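A.B. asks: Supplied in structure tokens, the structure appears directly below.
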Amino acid sequence: MPDPAPLRTSLRRRSLVVLLASLVLSGALGLFVLSSVAAKAPGHHEQLRFMWAMAGQESGWDYNVRNATSGAFGKYQIMPFNWPVWAEEYLGDASADQTPSNQEKVAYGRIRDLYRWLGSWKRVAYWWLTGRTEGNEKRWSSYARGYVKNIMQLRRQAPGDGGGRPPRNDSRAGRGDWRRSRSDQKLRLAVNGRRWPDRGVISDGEWLKVHSARTKPNGVRWLQVVTANGRLGWLRQLNTVSAHRPTTPARWRDINDRGAAIPSDRRMVRPRPR
């Protein structure tokens, strides 16, 4: 009679293999279910109402508002270090200007992905404020809870279409447009030319008026801008953001009149005495 021990060992091994396979399969099914839940996208108009509410909390629905401390810009107050990354992902162009139309497209794509990841509007709002994924509201700061509460209250008042979308607009700034510097930087003497030595520094957030513009063959757009104290020089459009007309534009008007009359005047391309 053959020894039954090897048979029992073989059966145990087969049972173990079947058990492990079933565990792996059930785990895979569980992950599939979880990923399916996480991947569920919100309804279009539902998202637009949330975006309307968040924009009201962030900027008062202003496409040109800029936070002087953080540099966050626009209707949804997107941080300057996030814009190139998100613009590349949702517009296919990291150097895209923050026009109203572009702001809407980028915010829509990012918020949609956040909802699919986090699963609730409250958590999306909390992430937008803090960059954190904490799901336990008791661990949120009182400020964060108030921020999220305000957005959820505004959401109940939002129009069904989220307030409508702005028309598609050109990302190329041109003569007469108002811009603001998005960082401390130096004016250049020409397109992609040398930087001014000392007094060519443009402060973060400084108002600028576009005098002319030029797009290089590589697609980079340069703006010739006039500052409030009479300097005229070149900056990359990427280093500026759109702006409202300032409340005291007379100084720019005087400069433009003088520059138009004497286009070759070198005083217009050098720092002037203050």
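A.B. asks: For a quick check: with amide H placed at 1.01 Å from N, whose amide H comes under 5 Å from I78's, ignoring anything fewer than 5 positions away on the same chain?
C.D. replies: Amide H neighbours of I78: F73.
A.B. asks: While we're here: Can you give the local net charge around T130? Use residues other than it whose beta-carbon is closer than 12 angstrom to its beta-carbon, Lys and Arg +1, Asp and Glu -1.
C.D. replies: +3
A.B. asks: Let me ask another. Report the gain in length on full extension from N218 to D161: 0.36 nm times residue separation, minus Cα-Cα distance, nm rounded to one decimal.
C.D. replies: Details: separation 57, 0.36 × 57 = 20.52 nm, distance 3.86 nm.
Full extension of this stretch gives 16.7 nm more.
A.B. asks: Using Cα positions and a limit of under 20 Å, work out the lysines in reach of K122, with same-chain residues fewer than 8 apart set aside.
C.D. replies: Straight-distance partners of K122: K40, K75, K138, K149.
A.B. asks: Let me know the shape class of region 114-156, please: from the alpha-carbon gyration tensor, a ≥ b ≥ c as square roots of the eigenvalues, rounded when a/c is under 1.5, otherwise prolate if a/b is greater than b/c, or oblate. Don't skip to the end; give the middle numbers.
C.D. replies: Working: a/c = 1.81, a/b = 1.07, b/c = 1.69.
Cα axes put region 114-156 in the oblate bin.
A.B. asks: Can you tell me how much longer the chain between S203 and N229 gets when fully stretched, taken as 0.36 nm per residue apart minus their C-alpha distance, in nm with one decimal? All intermediate terms of the calculation are to be shown ahead of the outcome.
C.D. replies: Numbers: separation 26, 0.36 × 26 = 9.36 nm, distance 1.23 nm.
So the chain would gain 8.1 nm between S203 and N229.
A.B. asks: Cβ neighbours within 10 Å, averaged per peptide: list 180-186, 95-101, 211-217 in order, most packed at the top.
C.D. replies: Values: 180-186: 17.3, 95-101: 19.7, 211-217: 13.0.
Taking the mean over residues of other Cβ atoms within 10 Å, the ranking is 95-101, 180-186, 211-217.
A.B. asks: How many nm is it between the label spots at N192 and V85, if each spot is 7 Å from the Cα in line with the beta carbon?
C.D. replies: Each label point lies 7 Å from its Cα, and together they span 2.9 nm.
A.B. asks: When we measure straight from the Cα of K186, which aspartates and glutamates land under 14 angstrom away, once same-chain ones fewer than 8 places off are left out?
C.D. replies: Counting by Cα, and skipping residues close in sequence, K186 has these aspartates and glutamates nearby: D198, D204, E206.
A.B. asks: Under 5 Å between amide H atoms, partner at least 5 residues away or on a different chain: which partners does G205 have, H built in plane at 1.01 Å?
C.D. replies: Residues meeting the amide H criterion: S181, R182, S183.
A.B. asks: Now for a different question. For all pairs of alpha-carbon atoms in region 35-97, what percent lies in each bin of width 5 Å, listed from the first bin to the last filled one?
C.D. replies: Computed distribution, short to long bins: 4, 16, 17, 20, 23, 13, 5, 2, 0.
A.B. asks: For a test of the definition: using alpha carbon positions, the gyration tensor, and the 1.5 limit on a/c, classify region 67-199 as rounded, prolate or oblate.
C.D. replies: Values: a/c = 2.37, a/b = 1.77, b/c = 1.34.
Judged from the Cα gyration tensor, region 67-199 comes out prolate (a/c at least 1.5, a/b above b/c).
A.B. asks: Is the shape of region 163-248 best called rounded, prolate or oblate, per the rule: a/c under 1.5 gives rounded, else a/b larger than b/c gives prolate, else oblate, with a ≥ b ≥ c the square roots of the Cα gyration tensor eigenvalues?
C.D. replies: Details: a/c = 2.10, a/b = 1.34, b/c = 1.57.
Note, shape of region 163-248 comes out oblate.
The numbers here are math on the coordinates, done by the rules we state, and not lab data. Since we're looking at a predicted model, the values are computed, not measured. Note that each Cβ is placed from the backbone with ideal geometry, even for glycine, and that neighbours are counted across all protein chains shown.
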